[in-house]
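First the structure, in the form of structure tokens, and then the observations on it.
Just so it is clear, none of the values below were taken in a lab; they were calculated from the coordinates. In this text, all values refer to a predicted model and were calculated from it rather than measured experimentally. As a convention, Cβ positions derive from the backbone with ideal geometry for all residues, glycine included, and neighbour counts pool all protein chains shown.
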There are 2 protein chains.
Amino acid sequence: MKKGHQVTMKEIAKKLGVSVSTISRALKDSPELHPDTKKRIVEMAKEMNYQPNLLAQSLRISRTNTLGVIVPEITSHFFASCISGIQDHANKRGYNVMICQSNETLELEKANIRTLVSSQVDGLLISLSRETNKYDHLFDLYNREIPFLLFDRVNEDIPVSRVTFNDEGGAYHVTKHLLETGCKRVMYVSGPEDLYISKKRKEGYLHALTEFGIDADPELVKISDLTSEGNVKIAHEIAKMTNRPDGVFCMIDPVALDFMSVWKPMGIKIPDDMALAGFTNNPASAVIEPPLTTVAQPGYEMGKLAVSHLLDQLEGQASDDPISIVLETTLLPRQSTKAL
Amino acid sequence: MKKGHQVTMKEIAKKLGVSVSTISRALKDSPELHPDTKKRIVEMAKEMNYQPNLLAQSLRISRTNTLGVIVPEITSHFFASCISGIQDHANKRGYNVMICQSNETLELEKANIRTLVSSQVDGLLISLSRETNKYDHLFDLYNREIPFLLFDRVNEDIPVSRVTFNDEGGAYHVTKHLLETGCKRVMYVSGPEDLYISKKRKEGYLHALTEFGIDADPELVKISDLTSEGNVKIAHEIAKMTNRPDGVFCMIDPVALDFMSVWKPMGIKIPDDMALAGFTNNPASAVIEPPLTTVAQPGYEMGKLAVSHLLDQLEGQASDDPISIVLETTLLPRQSTKAL
DNA sequence: CTGTTAGCGCGTTCAT
DNA sequence: ATGAACGCGCTAACAG
């Protein structure tokens, strides 16, 4: 299939018997040209259905007004919300957005960066894949002075701005909630240990335990690979424990949902036998039976803040010095934990 | 913030004392140059961390290897799946993807098209907004010979390829399932009437009724604006009916989920008082209590097929004549309807 | 107020 | 086997 021809300035110029630069000036409403010619040109452009070639324009001004976004996966409701926030606010400020997903692999993350850089994006918003434990590609970006920031899945060693939730605080509150509602043995089910949020949420968990004068029990910390199979395996392990926890805090909602699907058929009562809480507030968490206590993370807001900060930096309205923006989370107590 | 400089061919050329065209040839592995120089150039390019400027390249060859995608909203799990399928398979064939959302408005849909066309995308994959009831912008695209196709939310008057589900068939099967499991008065809750899927699913609903020798009752068709408020309002209307339906088929899952949230606190038993079924298989539908009978639509598969066909057309591996690709759906009987 | 010129980075003739 | 020259569509500096 051959693409139809696009009207260019040259063609308008020929038709009107003026030079291309005059067209260019008219179309960007330059003050220094006769109102009549300007009017003639604008009308002709509309008549011919002229659309500027952004490629040529970007090449010329060496700016694309396009941002690149990399997320682990677009089908996650949380990341989709982030993207939505990024896109809406980028558009509002005259920027377009190119979105890529790493599918949680380091390899694709690198490839995405390469593509976006080749596409000459003005800046990047990156949320790291689960697999990412080496950061050369990001330091490389930094060394090449390509503006970018990290959001949600961040790493603290790279000297760029980052936007995160108060994961430690959120985990503290949910653990505290479990303890306040009568749990004595609260378990933390973590994701892979080098994940930023695994660590942060564990800190919050431990903080709450300490506050209640409880010693951390290594038996009460489990690590899931976050696949459905992994979660199911751990659910069975917990069910078989001779000395079960009476409260379980899962690093993310899907783990808790998988646990429920295993425990409910076994007759384990939630929250009476074990209270259960998650993190992120997936849509499914609100409708499952019993509804899952969790921690809300406003993804749209995160996207908005992230893109606003990056654009502020790009446009010189914010310092280039890295800053850390921390969003607060909200505990959503529901029936999977006991009432106060 | 100022973006760091990107290495160009010119710089490699100067460093190696050869001409730019030689660099160009070496980097695209042209056969007609000395293996040694080629090797030298490739090595130097890697050392200097050269990345081609896709803008310049695209301008030159007047092809961007980029596709544009427009969806109503990215936060819908179904559309996120489509995007995922599109992206994976576009990448596989060496194409990038620019994603836009119309937020269900005609205005943004038009703006998105303008942006993507200006960005010189090689083709477009479009799923129409709910609001779209005029099609000038699409006919315009057609007249300008810009390759595009429609998926899921399509219109049949535009002479381009489209990829849809067998909506009629899916609705037929779910209605038939309701009738087979004992329902006598089955209601259809539709979305706005000019929506393609509203019409198609109604046809399937009517088809099943006819097959069971039941006359269509206008009281048993309701139209929702598909907002949560609209759904809740209709849920109450149904609850108040003197002659309630004993089975309700909702055009999309969220409507059914909203109905449940209204009916459960009222003590209406599902499926005994009213059986309930949806369409699309949202993640939440599987975990709600009782789990919602629905129709699975493989979004990833749809995205894959759509992008494959468009690329086939672009690359001359498929005829330019519009075709209609229809994907089959799968009925997922769950506890919100009675067992057979 | 408008036209001429130059060049963004790259690929592609046409020479040699 | 390599270089010089041109142009993709556009903007901007300079000239008049």
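Structure above, values below:
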| quantity | calculated |
| --- | --- |
| Protection proxy ranking of A:19-27, A:266-274 - average other beta-carbon atoms within 10 Å, highest first | A:19-27, A:266-274 |
| Fluctuation leader among A:Leu108, A:Leu33, A:Leu305 - chain A, Gaussian network, Cα springs under 10 angstrom | A:Leu33 |
| Net charge dipole size for the range B:234-286 [Lys, Arg +1 and Asp, Glu -1 on Cβ; Debye, nearest 20] | 100 |
| For a label point 7 Å along the Cα-to-beta-carbon line of A:Val326, residues of the range A:189-205 with backbone N under 15 Å | A:197, A:199-205 |
| Acute angle (nearest 10 degrees) that the helix A:196-211 long axis makes with the longest principal axis of chain A, alpha-carbon atoms | 40 |
| Per-residue [θ]222 nm for the protein assembly as shown (sum of -39500 (n - 2.57) over DSSP H runs n ≥ 4, rounded to 500) | -14000 deg cm²/dmol |
| Distant-in-sequence amide H partners of A:Leu276 (H built 1.01 Å from N, under 5 Å) | A:Val248, A:Thr337 |
| Three-way shape label, the range A:56-109, alpha-carbon gyration tensor, a/c 1.5 | oblate |
| Shape of the range A:1-62, Cα gyration tensor, a/c cut at 1.5 | oblate |
| FRET efficiency estimate (nearest 0.05) - Cβ-Cβ, A:Lys233 to B:Ser30, R0 56 angstrom | 0.55 |
| Loop sites in the range B:151-236: GluC sites (Glu not before Pro), DSSP, at most 16 other Cβ within 10 Å | B:Glu156, B:Glu193 |
| Lys, Arg +1 and Asp, Glu -1 on Cβ, resulting dipole of the protein assembly as shown about Cα centre, debye, nearest 20 | 1760 |
| Selection from B:Leu276, B:Gln313, B:Ile41 lying farthest towards where the dipole of chain B points positive, charges on Cβ | B:Ile41 |
| Across the identical copies, how the A:Gly182 labels are spaced - nm, sorted shortest first, 7 Å along Cα→Cβ | 3.7 |
| Crossing angle, helix A:106-118 versus chain A [Cα axis fit, 0-90 degrees, rounded to tens] | 20 |
| Shape category assigned to the protein assembly as shown from the gyration tensor of Cα positions, a/c cut at 1.5 | oblate |
| Of A:Lys233/B:Lys338; A:Lys233/B:Lys269; B:Lys222/B:Lys264; B:Lys184/B:Lys264, pairs whose Cα-Cα distance is over 24 Å | A:Lys233/B:Lys338; A:Lys233/B:Lys269 |
| Copies compared at B:Glu211 - label distances in nm, ascending, label defined 7 Å from Cα in the Cβ direction | 5.9 |
| Given charges at Cβ of Lys, Arg, Asp, Glu: the range A:59-146 dipole, positive-most of A:Leu59, A:Ile70, A:Ser129 | A:Leu59 |
| Chain B: most fluctuating residue of B:Asn166, B:Asn91, B:Asn281 per GNM, C-alpha cutoff 10 Å | B:Asn91 |
| Per-residue mean of C-beta atoms belonging to partner chains within 10 Å, peptide B:97-108 | 3 |
| Of A:Lys110/B:Lys134; A:Lys134/B:Lys46; B:Lys2/B:Lys28, pairs whose Cα-Cα distance is over 32 Å | A:Lys110/B:Lys134 |
| Chain B: relative contact order in percent, alpha carbon pairs under 8 Å with at least 6 residues between | 17 |
| Karplus (6.51, -1.76, 1.60) ³J(HN,Hα), θ = phi - 60°, over the range A:70-76, in Hz, Gly and Pro reported as x | 10, 10, x, 7, 7, 7, 6 |
| Qualifying GluC sites (Glu not before Pro) in the range A:8-56, DSSP loop, other Cβ atoms within 10 Å at most 11 | A:Glu32 |
| Label point 7 Å beyond Cα along the C-beta direction, distances from B:Ile325 to other copies (nm, shortest first) | 3.8 |
